[in-house]
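Below is one structure; the comments refer to it alone.
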Amino acid sequence: MDLELIGLRAPVRRPRPVAPGPFALLSLLVALLPIPNPAAWMGAIVACNVMPWLLGLRARRPGVWRLSAAGLERLAADGSVVETYERDRIEEFSVTADDEVLTIFHRFGSTTAGTLTEMGFDPLTFYMTARRLGITTHVIDGDRSVFDEGDLPSEEDAPRALGRRAEQRLRDQEATLLAVAHEPHPALQSTPATLGNTVTGRRRAVALGILLALLALTMLARIALGGALGLGDRVMGGLWAVVGAVAVLGARRRRLGSAPLTWSITPTELRVRHATVAEWRVRADHVAAVVVGPGTAVDPASGTLTGRHTVVTVFGHRLQVLARLPAQGLDAFQLTHALSERGYQVVTPDQGVRRPSQYGLAGLPDIFARVPGGRLVVDEDGIGWADGAGDVILRMPRDRIGGMELLTVDGHAWLRMYDDDGDEFLAAPLSMLRISRTDLRESARRMRLPITDAEYDAYVNAAFHGSMTRIETALEPSSMIDAEEDTETLPAVQLDVPRRTRVLAYAVTATLCELVAVLGSIWLRGDLGGFWTALSWSAPTGLVLGLAGTWLYDRNRPQLRVSASGISSVTRLGRTEWSVTRQALGGVGIDESEAPRLVVWSPVGRVLRRVSFPPDLGELRRACERHGLPWGPPDAGHAAAPPPEL
C-alpha cells in the first residue's frame, strides 16, 4: 500500500527578517558611537535595520518530514534524505499528549525525534498513518518526563500504569472516520457558501506603520543634515531608528497575521484562499470525510509551525490525507454546518462526547435521595423539600433566594437556583424534583419569589404577535383604518452600548492623544522654544483632536434595533447596515465557542451576524422577550416548539 504522510512546511516566497530585534538594538548602539561624518553615521544606522532583510534573502528553504513505508524521514529542500529512521528498525512510536513529543523505541533503546508540531504533523493524522503502516503507536497522557530515568519507580515499587485517555479519544475519532467514510451523505443545499474571517483595521495599521517608518527616516535625515552631532542628537537618532524598525515589523506582522481567509464551499468543490499563504482546491468526489478541530498550521508572520489552531483535515476514501486547510478566525459552528449541509461528512473531536443528562445532580443535597417520595414545594416561607406525607424536611428561606431560572436542557425542563450572593447552588431537572414547570412558575410568581422563564415568555409573546398578524391580515382595508385608531403596535427598541463604555472610549482616546502630545513636546522642544512652550499648544491640540475623533465615530455608531418584525443594525444617522427578518431568525444570544460575542443565528443554527459592539445584554434579552424573538441558540434541525410542560 502506497501510503505516506508529508509534514507541513512554511512557504518561502517572501523574505523574512532574521533577528530584527537584536539588529534594532544594535542600531541604537551604533547611533551612540562617535562617528564624526553625519552621512556615515546615518548610513550605519540604516544598514543595521536593512541587514535582517538581506539575511532573510539568503535563508535556506526549510525541509520537511515524511512518514511512509520506508520509515520516518527528514527531507531537505531538494528532496534528499537528511535523517532517516528505517521501518524495520522501529519497534514502537510513543507520543506524549501534553507536549506532543515523539519517542521512537528500537532494539537498542529509545530516541526523541522532536515534537509533532515542529515536524509538521497532527496527532490524529500521524496516529492513523502510523497504525495503517503497521507501526505500533501509543499516545501517553502527560509530558516527556514520563520516560525520564529519574522519574521511574524503583524495582521494589509496583509498575505505574500509563494513562491513555488521549489515545482513546484518537481511537474514537478513527472509528468515526471509518464509519462515515463510505456512507452516503446527500447535500441539503446546492447554493455555495462563502465564509471568511473578520479583518478590521488591517489597512489602517499597515499605513500607520509605514508612515511612522517614513517619519523616522525623515527625522534621521534631518538630524544628519543638521551638521554637528551632539550626544542628545545621537540619542534622539537612535530612538527614531528603533521606532522605525518597530513600526515596520508591526506593520508587516499586522498585514500577514490578519490576512483575509476565504472559504468557498459547494457540493462539487472546496476552495480555500489565504491571502499570504496559499490557495487550495479539493474536488468533492475525492473527499470521504473532513475533521474540524485543533491542529498544526503555519504562522503567516513568522513562518513557524504552531499548534492549537482550527484546521480542517480532508481525508480521501482510503483515509489518506488530501489537504490540511486553515480555518483560524472562522466560526467552527458555522463552518461545520456549512460543510455538512453541502454533502461533506464532518467529524469533530467532541462529536462522540455526549453530555450526561444528570448534569448538576452531583451538587444536590443528599436529603433529596434519602427522602422517599420527596418533591419540591413552594409556600410563603420559600421553597422546601417535602416527603410523601407533605412534611417539609429541608427549606430554603425566601430571604436567601437570590433568583430562580427555568430553562430547557436536552428537551427537559430544568431549574437553576441562586443564593442572595448570586452563586448557583442548585441545578436539576424538574422530573427529579417532581414538580411541573407550570406549577413551579405559577406558584413562585403567586408567592412573589424571583423566578424567570424566558422561553415561556418569548413563546407567549411570539404566539400573541402571530395571532395579531393573522387578525390584521384578515381585516378588510376599511376595517383596518378603524382598527388603527384603537390598537397600537409595540414600538421598536433601539439599543446602544452602555454609557460607561462610551465614556471610557472618550477617556482612553483623549489619554492616548495627550501621551502623544507629551512625547512630541519632549522630542521637539529644541525647535519649538522649550518643553513647556511646546506642551502649552500640543496638549490642548491633542485633547481637541482626541475628543473630536471619538465624537466623529460616536455620531454614526451602529445600534441594535429590535422589533416584532426582526432585528437590525442601524446607525445613529438612520442608515441600516444589516437586517434579519423574523422568519429568517432562529435565535439571538451569546456564542462562547471561541470568544464570548453576541451573534444572530438562523433557524438551522448558522451564524448570520456577529455584533461587534456590546449592548446591554439584560436590556437586549428583555427586548427580545417583549417582541417574541427567541433568545439563545436554536436547536438545529428541529422546528421551534414551546417549552416543555406548557
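Here are some residues: 516, 570. Which one is hydrophobic (A, V, I, L, M, F, W, C) and part of a helix (DSSP H, G or I)?
The conditions single out 516.
Going by the conditions given, is residue 241 open to solvent by less than 80 Å² (accessible area, probe 1.4 Å) and under 30 Å from residue 268 (Cα atoms)?
Spelling it out, it is not the case that residue 241 is open to solvent by less than 80 Å² (accessible area, probe 1.4 Å) and under 30 Å from residue 268 (Cα atoms).
Yes/no matrix, rows are residues, columns are (1) under 20 Å from residue 50 (Cα atoms); (2) under 35 Å from the mean Cα position of the chain (by Cα); (3) open to solvent by less than 70 Å² (accessible area, probe 1.4 Å); (4) small (Gly, Ala, Ser):
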{"site": "223", "(1), (2), (3), (4)": "yes, no, yes, no"}
{"site": "227", "(1), (2), (3), (4)": "no, no, yes, yes"}
{"site": "232", "(1), (2), (3), (4)": "no, no, yes, yes"}
{"site": "246", "(1), (2), (3), (4)": "yes, yes, no, no"}
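Across region 118-132, what is the total count of residues that are open to solvent by 30 Å² or more (accessible area, probe 1.4 Å) and either more than 19 Å from residue 172 (Cα to Cα) or among the aliphatic types (A, V, I, L, M) (or both)? Break it down stepwise before answering.
Within region 118-132, the subset open to solvent by 30 Å² or more (accessible area, probe 1.4 Å) is 118, 123, 131-132.
Next, from what is left, pick out any that are either more than 19 Å from residue 172 (Cα to Cα) or among the aliphatic types (A, V, I, L, M) (or both): 118.
Selection size over region 118-132: 1.
Is there any pair linking a residue in region 510-525 that is over 19 Å from residue 235 (Cα atoms) to one that is open to solvent by 40 Å² or more (accessible area, probe 1.4 Å), with Cβ under 6 Å and at least six apart or on different chains, and which?
From region 510-525, the pairs are 510/543; 510/547; 513/545.
From 437, 441, 448, grab the single residue that is modelled with pLDDT of 80 or more, on the phi > 0 side of the Ramachandran plot and charged (D, E, K, R).
448
Quick check: is even one residue across region 142-150 open to solvent by 10 Å² or more (accessible area, probe 1.4 Å), out of contact with any Phe, Trp or Tyr (no Cβ under 6 Å at 6 or more places or on another chain) and modelled with pLDDT of 85 or more?
no
Every residue, every condition in (1) part of a helix (DSSP H, G or I); (2) among the β-branched types (Val, Ile, Thr), yes or no:
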residue: 206; (1), (2): yes, yes
residue: 209; (1), (2): yes, no
residue: 214; (1), (2): yes, no
residue: 217; (1), (2): yes, no
residue: 221; (1), (2): yes, no
residue: 248; (1), (2): yes, yes
residue: 251; (1), (2): yes, no
residue: 291; (1), (2): no, yes
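Exactly one condition in (1) within 30 Å of residue 230 (Cα to Cα); (2) out of contact with any Lys or Arg (no Cβ under 6 Å at 6 or more places or on another chain); (3) surrounded by 12 or more Cβ atoms within 10 Å (Cβ to Cβ) is not met by residue 561; state its number.
(1)
On the basis of being farther than 30 Å from residue 293 by Cα, of a type in the set (A, V, I, L, M, F, W, C), touching a Phe, Trp or Tyr at 6+ places or on another chain (Cβ under 9 Å) and open to solvent by 70 Å² or more (accessible area, probe 1.4 Å), does residue 523 make the cut?
Considered against the rule, which asks whether it is farther than 30 Å from residue 293 by Cα, of a type in the set (A, V, I, L, M, F, W, C), touching a Phe, Trp or Tyr at 6+ places or on another chain (Cβ under 9 Å) and open to solvent by 70 Å² or more (accessible area, probe 1.4 Å), residue 523 comes out as yes.
When you go through (1) within 26 Å of residue 339 (Cα to Cα); (2) modelled with pLDDT under 80; (3) under 27 Å from the mean Cα position of the chain (by Cα) one by one for residue 599, which number turns out not to apply?
Evaluating residue 599 over (1) within 26 Å of residue 339 (Cα to Cα); (2) modelled with pLDDT under 80; (3) under 27 Å from the mean Cα position of the chain (by Cα) leaves (2) as the failure.
Where residues in region 162-173 are outside any helix (DSSP H, G or I) and open to solvent by less than 100 Å² (accessible area, probe 1.4 Å), which of them is modelled with the lowest pLDDT? Break it down stepwise before answering.
Restricting attention to region 162-173, the residues satisfying the condition of being outside any helix (DSSP H, G or I) are 162-164.
Then keep just the ones that are open to solvent by less than 100 Å² (accessible area, probe 1.4 Å); that gives 162-163.
Values: 162: 65, 163: 71.
Among them, the one singled out is 162.
With 610, 555, 606 as the choices, which residue is at pLDDT below 75, surrounded by fewer than 17 Cβ atoms within 10 Å (Cβ to Cβ) and not aliphatic (A, V, I, L, M)?
Working: 610 fails: at pLDDT below 75; 606 fails: surrounded by fewer than 17 Cβ atoms within 10 Å (Cβ to Cβ).
Criteria check complete, one pass: 555.
Just to check your reading of the model, which residue among 198, 176, 194 is open to solvent by 90 Å² or more (accessible area, probe 1.4 Å) and either at pLDDT 80 or above or assigned to a helix (DSSP H, G or I) (or both)?
Numbers: 198 fails: either at pLDDT 80 or above or assigned to a helix (DSSP H, G or I) (or both); 176 fails: open to solvent by 90 Å² or more (accessible area, probe 1.4 Å).
194 is the lone residue from the list that is open to solvent by 90 Å² or more (accessible area, probe 1.4 Å) and either at pLDDT 80 or above or assigned to a helix (DSSP H, G or I) (or both).
Please determine, by comparing only the residues of region 62-87 that are of a type in the set (Asp, Glu) and modelled with pLDDT of 90 or more, which one is most open to solvent (accessible area, probe 1.4 Å).
Step by step, filter region 62-87, then rank; the result is 86.
Looking at region 130-141 only, could you name the residues that are among the polar types (S, T, N, Q) and either within 19 Å of residue 291 (Cβ to Cβ) or at pLDDT below 75 (or both)?
Of everything in region 130-141, just one residue is among the polar types (S, T, N, Q) and either within 19 Å of residue 291 (Cβ to Cβ) or at pLDDT below 75 (or both), namely 137.
Go through 580, 544 for me and flag whichever is open to solvent by 20 Å² or more (accessible area, probe 1.4 Å) and either at pLDDT 75 or above or assigned to a helix (DSSP H, G or I) (or both). Lay out the reasoning, then the answer.
Working: 580 fails: open to solvent by 20 Å² or more (accessible area, probe 1.4 Å).
Unique residue meeting the criteria: 544.
Which members of region 198-237 meet the condition of being within 30 Å of residue 261 (Cα to Cα) and among the basic types (Lys, Arg)?
Across region 198-237, the qualifying residues are 202, 203, 204.
So, residue 266, is that one in contact (Cβ under 8 Å) with a residue 60 or more places away in the chain and closer than 17 Å to residue 5 by Cβ or not?
No; evaluated as a whole, the condition is false for this residue.
The values are calculated or read from the model by the stated rules, or taken from the named source; none is laboratory data. Just so it is clear, the model here is predicted, and its values are computed rather than measured. Positions of Cβ are backbone-derived with ideal geometry, glycine not excepted, and every protein chain shown enters the neighbour counts. SASA here: full protein model, heavy atoms, side chains in, ligands and nucleic acids out. Shrake-Rupley method; radii C 1.70, N 1.55, O 1.52, S 1.80 Å.
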